[in-house]
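Okay, structure first, notes after.
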Amino acid sequence: MFRLSETSQEFLLDLSRRTIQTYLRTRQCPPLGISPEETLENRGAFVTVHKGKRLRGCIGYVTPSHPLSRTVMECSIAAATQDPRFEPLGEMELPEIRIEISVLSPVEEVRNIQQIEVGVHGLIISQKGRRGLLLPQVPVEYGWDRDSFLAETCRKAGLSADAWQKGARIEVFTAFVFGEQEPAEPK
């Protein structure tokens, strides 16, 4: 299974936070600087922004079309300002957010749902021009079993919950997930 070094994890988390801060203040990206070698590989990734225990934004790319460091920068801005489920993040919220990065493996089609491991695989379900994606950590957070995970991914795609049983395409991926620690509670 793919892993990143501690150095690369710290680099990407710092890059994500600096990118969000700089973008909120100036509408510009910060300079990238010298990136660890393993962050220069083309990889798909998602950036998730949490505020307390709540999701505040999550955007990513499944297709590995850019170096990981650039993908993290673009997804950081998008998660903070372009997730259609939320208002754009405000600069005053920065001390309260926690950033999580999920670096994705290549996607593989599933022929037998028994291959899907809750907590290991993320899902992509598509049918009739609609597509839903949930990261591997989502079913664990909600206590879902495999069938619930499949149903919720269908719903995210705007499909009926049982579309996975009615010809929808099911794909899986794994993710190496790391993030910032929870902000300290105010005294």
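Residue-wise test of (1) under 23 Å from VAL172 (Cβ atoms); (2) modelled with pLDDT of 95 or more.
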{"site": "GLU10", "(1), (2)": "no, yes"}
{"site": "ARG17", "(1), (2)": "no, yes"}
{"site": "CYS29", "(1), (2)": "no, no"}
{"site": "SER35", "(1), (2)": "no, no"}
{"site": "THR48", "(1), (2)": "yes, yes"}
{"site": "ARG85", "(1), (2)": "no, no"}
{"site": "LEU89", "(1), (2)": "no, yes"}
{"site": "SER105", "(1), (2)": "yes, no"}
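State whether the residues of segment 151-168 include one that is open to solvent by less than 60 Å² (accessible area, probe 1.4 Å), within 27 Å of GLU74 (Cα to Cα) and of a type in the set (Phe, Trp, Tyr). No, segment 151-168 has no match at all. Per the listing GLN181, GLN137, the residue uniquely open to solvent by less than 50 Å² (accessible area, probe 1.4 Å), under 25 Å from ARG43 (Cα atoms) and modelled with pLDDT under 95 is GLN137.
Taken over segment 43-63, the criterion of being of a type in the set (Lys, Arg), surrounded by 14 or more Cβ atoms within 10 Å (Cβ to Cβ) and part of a strand (DSSP E or B) is satisfied by LYS51, ARG56. Residues in segment 64-116 that are over 20 Å from PHE178 (Cβ atoms), part of a loop (DSSP other than H, G, I, E, B) and of a type outside the set (D, E, K, R): SER65, GLN82, PRO84, PHE86, PRO88, LEU89, GLY90, VAL107, VAL110, ASN112, ILE116.
Please specify each residue of segment 99-120 satisfying the condition of being under 13 Å from the mean Cα position of the chain (by Cα) and closer than 17 Å to GLU141 by Cα. Don't jump to the end; show me each part of the working.
Of segment 99-120, the ones under 13 Å from the mean Cα position of the chain (by Cα) are 99-105.
Those that are under 13 Å from the mean Cα position of the chain (by Cα) and closer than 17 Å to GLU141 by Cα: ILE99, GLU100, ILE101, SER102.
Scanning segment 159-171 for any residue that is under 25 Å from ARG3 (Cα atoms), touching a residue at least 12 places away in the same chain (Cβ under 8 Å) and not hydroxyl-bearing (Ser, Thr, Tyr) turns up at least one such residue. For segment 5-42, the set of residues classified as within 12 Å of LEU68 (Cβ to Cβ), of a type outside the set (A, V, I, L, M, F, W, C), outside any helix (DSSP H, G or I) and open to solvent by 40 Å² or more (accessible area, probe 1.4 Å) consists of GLU41, ASN42, listed by residue number.
The values are calculated or read from the model by the stated rules, or taken from the named source; none is laboratory data. Only a predicted model underlies this, so the values are computations on that prediction, with no experimental measurement involved. Note that we place each Cβ from the backbone using ideal geometry, even for glycine, and neighbour counts take in every protein chain shown. Areas reflect the complete protein model, heavy atoms only, side chains present, ligands, DNA and RNA absent. Shrake-Rupley method; radii C 1.70, N 1.55, O 1.52, S 1.80 Å.
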